[in-house]
Amino acid sequence: MENKKNIVWLASYPKSGNTWFRSFISALRNKGEVDINAISTEGIFSQKRGLEEYLDLDADEIPVSKMDHFKRISFNHQSNTAVEKCFVKIHDLYSISKIDHQPIVPEESTFAAIYFVRNPLDVSISMANHDGKTLDESISKVICNEQVHLVRFGKHAHDQFQQYLGSWNMHVESWKKVTAFPVFFVRYEDLKNNPQDTFTRVLKQIEYEATEEEIRSAIEATEFEKLKSQEAEFGFREKPKACKSFFNKGEVGQWKVQLNQEQTSLIKQFNEPMMREFGYWED
Amino acid sequence: MFKYFALGMQIQSEFEIPGLFPFDFPENDDIVMVEFGTVPDTLQNEILEVKPFSTFNEREFIFHIPEAAKYYITDGNRVLIEPLSDNLDEVLFYLYTGVLATVLYQKNILPFHVSGVVLKNNTVLLFAGHQRAGKSSTSIMLQNRGYLPFTDDTAVLQVSNGHCYATSSYPIIRAMERTLEKQMVYSEEEITPKIKEGFKFGINFHKKFIPEQLPVSGIVFLSEDGDEVTISPMKAADAIKLLKFNVYRKQWVHGMKKELLEFQTISQIAQSKLQFFTAKRPWETDSFESLAQAIEDQIIHQIGK
């Protein structure tokens with residue numbers, strides 16, 4: 001049976017606008033209404049629960065040698081049974097599985113990917129808040145760390161599978177190299193500075209029909225301060241324990257006042273090619 | 001022939017099934033036969049749901065785990081297994097965790113996603129929650145405090161004369177390595193990797209297994225929330241939603257047309273003479289010991305004397 005290509009991957013390094021875009025899609029689908037604790041996109045690539053429901057298995061009891069194969073089977077099923085495009089968040093670096101030597105995501109059910117890219121100098125600040133780390137830790141242990149994973153294999157169970165992240169540069173580059181399906185890159189800074197045009201362009205690229213007014217309404221519903229105030233009032237179930245507030249500041253160019261020269265240089269040293277590619281080098 | 005008892009069912013097999021509890025019973029009409037054979041390619045009757053590894057209707061179920069085994073379950077009384085691997089432990093593993101639940105569905109009995117321990121008054125306290133909520137870890141920490149295991153991961157709950165009774169599944173507790181490091185009850189010989197390369201380990205408790213139905217004195221719904229362990233009583237009306245969430249393999253309810261059974265079973269349990277609680281713990285495994293302490297102080301001392 002030929003697979004339906006319904007999946008649109010919402011790919012990004014963490015803290016780059018992924019949750020904002022998921023909220024935007026949710027608002028588009030719900031006539032301009034969004035509840036951050038009921039975002040109506042179709043899950044997260046690393047989440048175990050979806051796989052467990054589709055495959056009728058306990059994810060923690062799948063042999064490692066079958067894990068990546070089973071994940072692809074699960075997403076193929078999700079795509080084949082979907083009545084519209086499935087928006088699935090993914091933080092994994094795009095790679096070939098070390099277990100079965102196939103691409104980590106099922107290309108056969110992929111329509112496209114949207115890759116959210118954000119200046120790593122600002123990402124480092126958001127990530128420090130998100131992880132409850134210092135700026136130096138966020139920079140050395142994540143943004144500039146080629147070996148970093150989200151959710152390490154451990155002795156206790158997590159709701160998510162381990163995700164290989166790598167340094168910011170490696171992550172962006174990995175998705176740049178994809179040829180099996182279209183990957184549409186969108187800069188966080190463009191979403192912030194010119195939301196109507198940027199969201200409209202992205203929707204057009206993935207062939208998602210929405211009127212100008214619907215897009216405007218969804219953008220208004222998902223303004224940063226509105227999402228932040230929802231979190232303040234009701235909490236946000238995706239917020240990590242170490243993080244005081246998931247929606248922290250979301251500003252462009254915070255690094256100019258928060259990072260020192262040494263921190264800026266270190267990030268630039270490790271991430272030059274993609275910083276240049278996306279216009280962050282001369283900022 | 002080998003004979004076993006699991007989830008209230010008498011199981012007869014032509015080969016040994018080491019994870020089940022051996023139990024002798026006379027010949028009768030209510031036996032589940034487990035055999036090796038060739039699983040058909042499709043169901044005999046109309047297919048109601050097709051999933052990657054499962055195809056089923058009300059009375060037939062084909063479960064196909066690639067490179068492990070195929071299983072054909074029919075009429076709540078027959079399981080045909082076609083191994084696709086030489087690893088019999090893996091082949092039988094899926095029998096314990098999924099196939100037996102399918103047999104129950106076909107028998108019009110819903111299993112629940114619970115673990116539990118036996119209290120001093122010979123009643124059972126059950127722990128319900130999603131995968132990884134900490135059901136097994138909570139049970140093991142209470143076993144460290146002297147309570148006997150009753151069941152792990154699944155149980156059958158049935159109401160009779162207004163009282164809720166539980167029947168255990170099989171004598172294996174599946175636990176993560178971190179939990180095993182803290183357990184003080186089982187020897188190394190009783191602990192084995194559950195499935196090759198898998199994350200969980202199995203603790204065998206055949207010697208402590210209780211096949212008889214026991215009355216349930218309480219169900220504790222586990223969740224991760226907040227900065228400290230908190231226990232709260234819960235009204236039966238509020239427990240209905242959580243009971244529904246904790247039906248084992250609840251994704252089969254619709255495809256097997258068990259909506260009415262689900263409604264009836266949950267209503268009966270909610271109205272029976274047992275107490276419901278919520279137990280919240282911070283999201284870290286170290287909190288299981290304090291959770292067990294809180295459950296003992298605030299629940300067991302109240303209902304389990």
(message) So, in region B:22-36, how many residues would count as being open to solvent by less than 70 Å² (accessible area, probe 1.4 Å) and either closer than 14 Å to B:Leu95 by Cβ or within 14 Å of chain A (Cβ to nearest Cβ) (or both)?
(response) 4
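If only one of B:Tyr72, B:Tyr4 is at pLDDT 95 or above, more than 14 Å from chain A (Cβ to nearest Cβ) and within 27 Å of A:Asn76 (Cβ to Cβ), which one is it?
On the way: B:Tyr4 fails: within 27 Å of A:Asn76 (Cβ to Cβ).
None of the others qualify; the one that does is B:Tyr72.
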(message) For the list (1) part of a helix (DSSP H, G or I); (2) modelled with pLDDT of 95 or more; (3) out of contact with any Leu (no Cβ under 8 Å at 6 or more places or on another chain); (4) open to solvent by 10 Å² or more (accessible area, probe 1.4 Å), I need the number of the one condition that B:Glu262 fails.
(response) (3)
(message) I'd like to know if region B:202-209 contains one or more residues that are assigned to a strand (DSSP E or B), within 24 Å of B:Cys164 (Cα to Cα) and either open to solvent by 80 Å² or more (accessible area, probe 1.4 Å) or not assigned by TED's automatic domain parsing to the domain that holds B:Leu48 (or both).
(response) no
(message) Could you go through region B:232-255 and let me know if any residue there is more than 27 Å from B:Glu296 (Cβ to Cβ), of a type in the set (S, T, N, Q) and outside any loop (DSSP other than H, G, I, E, B).
(response) yes
(request) Hand me the list of helices (runs of 4 or more DSSP H) wholly inside region B:91-197 holding 2 or more residues that are among the small types (Gly, Ala, Ser) and closer than 24 Å to B:Ile299 by Cα. (result) B:135-144
(request) Kindly indicate the residue of region B:219-254 that is farther than 26 Å from B:Leu119 by Cα and within 11 Å of chain A (Cβ to nearest Cβ) and also most open to solvent (accessible area, probe 1.4 Å) among those meeting that condition. (result) B:Asp227
(request) Taking the residues in region A:73-98 that are without any contact (Cβ under 8 Å) to a residue 60 or more places away in the chain and more than 10 Å from chain B (Cβ to nearest Cβ) as candidates, determine which candidate is surrounded by the fewest Cβ atoms within 10 Å (Cβ to Cβ). (result) A:Val83
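Just checking, which of A:Glu225, A:Glu231, A:Glu262 is modelled with pLDDT of 85 or more, under 21 Å from the mean Cα position of the chain (by Cα) and in a helix (DSSP H, G or I)? Outline the logic, then answer.
On the way: A:Glu231 fails: modelled with pLDDT of 85 or more; A:Glu262 fails: under 21 Å from the mean Cα position of the chain (by Cα).
Selected residue: A:Glu225, the only one of A:Glu225, A:Glu231, A:Glu262 that is modelled with pLDDT of 85 or more, under 21 Å from the mean Cα position of the chain (by Cα) and in a helix (DSSP H, G or I).
Name the residue, out of B:Glu90, B:Glu67, B:Glu82, that is over 15 Å from B:Leu20 (Cα atoms), open to solvent by 10 Å² or more (accessible area, probe 1.4 Å) and facing another protein chain (nearest Cβ under 10 Å). If you could, list the steps in order and put the result at the bottom.
On the way: B:Glu90 fails: over 15 Å from B:Leu20 (Cα atoms); B:Glu82 fails: facing another protein chain (nearest Cβ under 10 Å).
Exactly one residue qualifies, and that residue is B:Glu67.
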(request) Mind listing whichever residues of region B:116-166 are within 10 Å of the chain's Cα centre (by Cα) and either under 18 Å from B:Gly98 (Cβ atoms) or modelled with pLDDT under 95 (or both)? (result) B:Thr151, B:Asp152, B:Asp153, B:Thr154, B:Ala155, B:Val156
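The values are calculated or read from the model by the stated rules, or taken from the named source; none is laboratory data. Just so we're clear, the structure is a prediction, and the values are computed from it rather than from any experiment. Note: ideal-geometry Cβ built from the backbone for every residue, glycine included; neighbour counts use all protein chains shown. These area figures cover heavy atoms from the full protein model, side chains too; ligands, DNA and RNA do not enter into them. Shrake-Rupley method; radii C 1.70, N 1.55, O 1.52, S 1.80 Å.
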